[in-house]
């Protein structure tokens, strides 16, 4: 991409957005403030979130584990309890939240400011990405999965959790994406454009196969999440 490519501008805007959102990011998980959709939808969200957490706990992580685009580290304690975890994120603000979450759980992890697209610096036993794949341009999905494959040692596991399309997933004032780009506002009224693509399970499974993964599992919760795991061939 050239420096004037619109995709570059959106990628840079997403980085600024998640840095600015660090203090309120967990409101999304916890259904607080603008993210509450009422008792029924919120209860279904919590049920799906618990199901996704249970699925992740069953993934066979061990040894050296890297978490890409770790954000505030919602999933990090599960990973850190099973191996030596390194958390990557493009900005330091959410990583500070992730570090505090691990400390509160009595766990350790190394936090690095590092782009999810950076080439692997070693081979690891596990790679995880939470709510990152939906930010990847359709034309680059297979490039990312090839990158994920390069991260893994023989017998390693790649796993992800991401969003399904549902009107009750985001904030009350967030409109659906247009052309795979969504405008999001923060509590202070600032707004940012982010790329948001709700990949279907069959799309993800096909892309994983083409990238050279085997032992595929791509499943969904009742409404809100899609999860997948795979191993190198």
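The numbers here are math on the coordinates, done by the rules we state, and not lab data. This structure is a prediction, so every number in the text was calculated from the model and none was measured. FYI the Cβ positions are ideal-geometry reconstructions off the backbone, even for glycines, and counts take in every protein chain you see.
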Point to revise | Ellipticity estimate at 222 nm from DSSP helix runs (n ≥ 4, -39,500 (n - 2.57)) divided over the chain, nearest 500 | key: -10500 deg cm²/dmol
Check your understanding: Using a simple spin-label model with points 7 Å from Cα along the Cα→Cβ vector, what separation in nm is obtained for residue 142 and residue 9?
Key -> 2.9
Exercise for review: Using a/c under 1.5 as the rounded threshold, could you call the chain rounded, prolate or oblate? The axes a ≥ b ≥ c are square roots of the C-alpha gyration tensor eigenvalues, and prolate needs a/b larger than b/c, oblate otherwise.
Suggested key: rounded
Review point. What nm distance separates the two modelled labels at residue 23 and residue 40, each placed 7 Å from Cα along Cα→Cβ?
Key: 3.6
Practice item. Determine the relative contact order of the stretch 1-131: mean sequence separation of Cα pairs under 8 Å and six or more apart, normalised by residue count, in whole percent. Key: 25
Revision key, fill the gap. antiparallel share of DSSP beta bridges within the chain, to nearest 5, in %, is 50
Check your understanding: Label-point separation (nm) for residue 202 and residue 165, each offset 7 Å from Cα along Cα-to-Cβ?
Key -> 1.4
Review point. Mean separation of Cα pairs under 8 Å and 6+ residues apart, divided by the residue count of the chain: what relative contact order is that in percent?
Key: 21
**Study point:** Sites residue 215 and residue 190 - FRET efficiency at Förster radius 35 Å, r taken between beta-carbons, to 0.05
**Key:** 0.25
